[in-house]
Amino acid sequence: MNIKNRKNIEVGQYVEVVQKHHQRTGELTQGTIKRILTKSQNHPHGIKVQLDTGEVGRIKNILEE
């Protein structure tokens, strides 16, 4: 599944994201999608989402469907 396309992302999915301040290290944060923040249909660096915890990052992996 292409994580760079917004149509493949849904609220409630369990994902791994990289937050802005962790981009250099690549440290991933896991959580459930609360809101999809990217408005365009695709983005070269991944779709930006807000997790239930309030953290914001770009999706790197979808862990469960």
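Need the C-alpha centroid separation for region 26-52 versus region 4-18, integer Å.
Taking the Cα centre of each part, region 26-52 and region 4-18 sit 6 Å apart.
Scan around residue 60 for amide H atoms under 5 Å from its own, H built in the peptide plane at 1.01 Å from N, and keep only partners 5 or more places away or cross-chain.
The list, which skips near neighbours in sequence, is 16, 17, 18.
Using packing as a proxy for protection, rank 53-62, 22-31 so that the peptide with the highest average count of other Cβ atoms within 10 Å comes first. Show your work: numbers first, answer last.
Values: 53-62: 16.2, 22-31: 12.1.
For the peptides 53-62, 22-31, the packing ranking is 53-62, 22-31.
Assign unit charges at the C-beta atoms only (+1 for Lys and Arg, -1 for Asp and Glu), then state the dipole size of the chain relative to its Cα centre in Debye, rounded to the nearest 20. Please report the intermediate quantities before stating the final value.
Numbers: 11 positive and 7 negative charges, 90 e Å.
Using only the charged Cβ atoms, the result is roughly 440 debye.
Kindly give Rg over Rh for the chain, based on alpha-carbon atoms, with the Kirkwood expression for the hydrodynamic radius.
Values: Rg = 10.4 Å, Rh = 11.4 Å.
Computed over Cα atoms, the ratio is 0.91.
Dipole of region 6-64 (Lys/Arg Cβ +1, Asp/Glu Cβ -1, origin at the Cα centre): which of 46, 14, 31 lies farthest to the positive side?
Working it through, the farthest residue towards the positive pole turns out to be 46.
Every read-out reported here was derived from the displayed coordinates using simple, explicitly stated rules and does not represent laboratory data. From a predicted model like this one, the values you see are computed outputs, not experimental measurements. For neighbour counting, all protein chains shown are included, and Cβ atoms are generated from backbone atoms with ideal geometry for every residue, glycine included.
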